[in-house]
Amino acid sequence: MKIYNKRSFGGAVLCLFLALCCGAALIVTGFQMKWLTGMVVALAMGGVELWWALSRQAQLPRVDERDEAVSRKSAWMAFRVVVTGCWGASMAALAVYAVIRTPAALVVLVTLAAVVIAAFLALLGANLYYEKRM
């Protein structure tokens, strides 16, 4: 049984949908080079993604328990590194804002704090989802 990479199919469908949207905008607004260029680029990307999704190299291999454990542990470590980095950078932006009072530091602080909060909510949602379904 062949297991194909769903991400490649999703990327191909998205690119082809964007090409369709660019084509519709080209028809509605009249000929504009930006819509034609966008449509050609999206069609090319969608074609390449579809070709890759159907190729032998994109078939997902069967994994054993060790591979799943390594993948889970590395994903958790990557999540922790990104969240800790965002939190540290937001605290650095807070210190810069406290000293210099530049509005750009406040924007960085709020953005990075929002990323940390969004990551926490995503983790909480995934945890609740899998607790009910496993």
Go through (1) among the β-branched types (V, I, T); (2) over 18 Å from the mean Cα position of the chain (by Cα); (3) open to solvent by less than 70 Å² (accessible area, probe 1.4 Å) for V70 and report which single condition fails.
(3)
Name the pairs: first residue in the range 68-85 and under 17 Å from L123 (Cα atoms), second residue part of a helix (DSSP H, G or I) and open to solvent by 80 Å² or more (accessible area, probe 1.4 Å), Cβ to Cβ under 9 Å, at least 6 apart or on different chains?
V83/F120
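For every residue, the table says whether it meets (1) aliphatic (A, V, I, L, M); (2) at positive phi; (3) assigned to a helix (DSSP H, G or I).
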{"residue": "G38", "(1), (2), (3)": "no, no, yes"}
{"residue": "V63", "(1), (2), (3)": "yes, no, no"}
{"residue": "E68", "(1), (2), (3)": "no, no, yes"}
{"residue": "M91", "(1), (2), (3)": "yes, no, yes"}
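The values are calculated or read from the model by the stated rules, or taken from the named source; none is laboratory data. A quick note: this is a predicted structure, and the numbers were derived from the prediction, not measured. Every residue, glycine as well, gets a Cβ built from its backbone with ideal geometry; the counts of neighbours run over all protein chains shown. Protein only, heavy atoms only, side chains kept; ligands, DNA and RNA dropped before computing areas. Shrake-Rupley method; radii C 1.70, N 1.55, O 1.52, S 1.80 Å.
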